[in-house]
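Here's the structure, in structure tokens; my notes come after.
Every read-out reported here was derived from the displayed coordinates using simple, explicitly stated rules and does not represent laboratory data. Predicted, not measured: the structure shown is a model, and the values here were computed from it. Neighbour counts run over all protein chains shown; Cβ positions are idealised from the backbone, glycine included.
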Amino acid sequence: MSLEQKEKIINELKQFGTYNSNNNVAQEISFEHFIIRFNPSYTYRVQLEYGLESSISKHLSPNEKIEKQFNLKNFPFPNTNSFSCFKFGGSSRVYIEANYGKEGKTPGIYYNSSSLSNEAIKTELHNLELYGFILFNEIKDDYNQRHQIYKMNDTYVDILIEEISFVEEEKSFSMWIYQGKMIYKDKVQEKIANNIPYFNVDDFVTLDQIKDADMTFYQLPNYAGNTFEQGNYLNCITIDVNEECFTTIRSNYINDKGFKTARDENNKIYTYNTRGSNHYVLYKEIEGSDEKIYVDMAMYSTSDYTFVGHNEFTNRIEILIYKSTKPLETKYESNLNTFTNYLETLNPDSGFEVNFSKDIKVESWFEINDNIKYNYIYYGYLFEYNAFIYSTDLNQTYSDLIDGLVSSGYVYGTTTQKGNVTYYKNLNNGNTSFIFIMKETDKGYIRLINGAGGIDF
């Protein structure tokens, strides 16, 4: 480096003052596009190397950064002195796209307060709306975390609010502020268009109060005792809701999209039951084909699901979309042989026999192989084997089931707050087999899970 250039850099630094015993008022400055080198000679030292694109400037406040980047004056940041704020995108190696499993270098400003009170967060969201932003959408990132998206013209504020362990009154609060097009992982409508060629994506019904984060697209290898071959899995869209909108969605398919109600050979409305809920089946004709396009809907309560986060909503709507000559139906078995045989494949001697005194029907939801099972954690089924037992006398069937477990070597383990029980058996190979049992009298079934169940159940 020439002496002239070195002198210029030193003068640049001097404008911010000299920190010494006579002048100990510190002022933060920003070093941009420097090379950081760690020199381990005697003691570790950090060296900043000045390059052609390097610059030194006053350290800007969050408001100054936003104004400089986007020409937005007096942007409403939270009222706190505990925060971090920096630029992302460009050459920073910090990219908002990484949150959504994508590549890109969209520039913007990142702001985080690791501990912000619930009231302060509420105030911040209100101030954003006063500034001119609207809650535009809610989306999920690559880690299934829910983000709120605020929009004003072409400016987006991507907000992530996270729980803090053992602290209820405060949360971690992050904002990614950028301009252009909204950055997201994917949309259900895009999944439908890419995976269901026979279905017009414009026929898919949603409502204004349903956000993108409320909907997820799955392709299921089995459903209600039916199995589907790879490449022809059953298309399923889940919609998580906290209000009654099932009837509205169903009506919109009929009144706005031209679907008809499926009927049986006696011209009665066709329905079938899975997991205690009735399905409403609609269809559209395919010109020149015996097949029809089916939109097959049912709604379940949050208590049916065992994954973490199930209690964030009240109900889940499942919408199946498929092409067939006839609508789907549940395949029942008359005993638990398939369930117990599956236990034996996991651990010898873990099966059991039950002499049921009443006729039963068993609806199976099979556990899928380890290579893909984690794709279905938030679906709520297929991660473990679930068997739903239906009977005309549920109490007697429950008693028969317990007797069969005990006579096969299982012993009582625990009872949860909701009254569900676990039975277990210590096996000769050192493993333990667990059976979790839920008796849902109102829904008319007993549910068996291969495993210990969930802590909320």
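Treating cross-link reach as a plain straight distance, find the aspartates and glutamates whose alpha-carbon is under 20 Å from the alpha-carbon of residue 361, omitting any fewer than eight places away in the same chain.
304, 329, 333, 353, 384, 393, 400, 403, 440, 442
So what are the ³J(HN,Hα) numbers for the range 101-110, from phi and the Karplus equation (6.51, -1.76, 1.60; θ = phi - 60°), rounded to whole Hz, Gly and Pro as x?
These are the phi-based 3J(HN,Hα) values: x, 10, 9, x, 9, 4, x, x, 10, 9 Hz.
Could you list, in their original order, any pairs among 105/187; 68/191; 140/331; 187/331; 181/323; 140/418 whose Cα atoms are separated by more than 28 Å?
Over 28 Å Cα-Cα: 68/191; 140/331; 187/331; 181/323; 140/418.
Give a residue-ordered list of calculated ³J(HN,Hα) values for the range 413-428 (Karplus: 6.51 cos²θ - 1.76 cosθ + 1.60, θ = phi - 60°; whole Hz; x for Gly, Pro).
x, 9, 10, 7, 4, 8, x, 7, 10, 10, 10, 9, 9, 7, 9, 5
Across the range 214-220, in residue order, what do the Karplus-derived ³J(HN,Hα) couplings come to in whole Hz, using 6.51 cos²θ - 1.76 cosθ + 1.60 with θ = phi - 60° and x for Gly and Pro?
Coupling constants for the range 214-220: 7, 10, 9, 9, 10, 10, 9 Hz.
Which aspartates and glutamates have a Cα lying under 14 Å from the Cα of residue 171, excluding residues fewer than 8 positions away in the same chain?
Cross-link targets: 119, 124, 162, 163.
Which FRET efficiency value, to the nearest 0.05, do you get for residue 172 and residue 247 by plugging their Cβ-Cβ distance into 1/(1 + (r/R0)^6) with R0 = 60 Å? Write down the numbers at each step before the final one.
Working: r = 38 Å, r/R0 = 0.64.
According to the calculation, E is roughly 0.95.
If the reach is capped at under 15 angstrom between alpha carbons, list the aspartates and glutamates near residue 87, excluding any in the same chain fewer than eight residues apart.
32, 64, 67, 97, 158
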